[in-house]
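**Q** Please read through the structure below; I'll follow up with questions.
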Amino acid sequence: AAIVPAVRRIVRDLDPTVPIFNAEAMSDVVRASTGRLSLTLALMTAAAAITLVLGTIGLYGVMAYMVALRTREFGVRVALGADPRQIARAVAMRGLRLIAGGVAAGFVLYAMAAPFLRAFLYGVSAGDPVTLVGVTLALVGTASLASWVPARRAARVDPAEALRAE
């Protein structure tokens, strides 16, 4: 921004008949030319973050509902001597199976959408392994947390309360 007036002044001193118009810093030109793409990427990032949150809430809801439906069963198992860690492990494994299915479906959809997404990428390829691993770990981490909370609740079922309920 400070250089443009100096350049105008130098050109005017050399030849006042040379017109100068649209003189801008290169960073402003680049920012203006990539503005629409930047907005699109910001909106896609926001949509992905919202999708991650909604998916985590949905998985938590499914797992919590499954635990609520099986509370009596878990109470009977604990009353008969089952280890609460076994119950938590069984619930967590059910959640991990759901997570594995979701990740597999996500990779299939990614493989189909990758050619269309190449136009939006700058400085990274569509098959960047670091990005794919990072996103997969973020998804699996949040989904595991969503499964772990109901699994802990299932492990803490009081047999007497569970058998008295309903």
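**Q** State all residues of the stretch 121-146 that are surrounded by fewer than 10 Cβ atoms within 10 Å (Cβ to Cβ) and touching a residue at least 24 places away in the same chain (Cβ under 8 Å); if no residue qualifies, say none.
**A** Listed by number, the list holds a single entry, Y122.
**Q** If you go through the stretch 74-92 one residue at a time, do you hit one that is closer than 28 Å to L132 by Cβ and not charged (D, E, K, R)?
**A** yes
**Q** While we're looking at this one, here's another question. Here is a list: L52, L109, L59. Which entry is under 19 Å from the mean Cα position of the chain (by Cα), modelled with pLDDT of 90 or more and open to solvent by 70 Å² or more (accessible area, probe 1.4 Å)?
**A** L109
The values are calculated or read from the model by the stated rules, or taken from the named source; none is laboratory data. The structure displayed is predicted, hence computed values, not measured ones. When we count neighbours, we look across all protein chains shown, and the Cβ atoms used for this are built from the backbone with ideal geometry, even at glycine. Please note that ligands, DNA and RNA were not included when accessible areas were found on the heavy atoms of the full protein model with its side chains. Shrake-Rupley method; radii C 1.70, N 1.55, O 1.52, S 1.80 Å.
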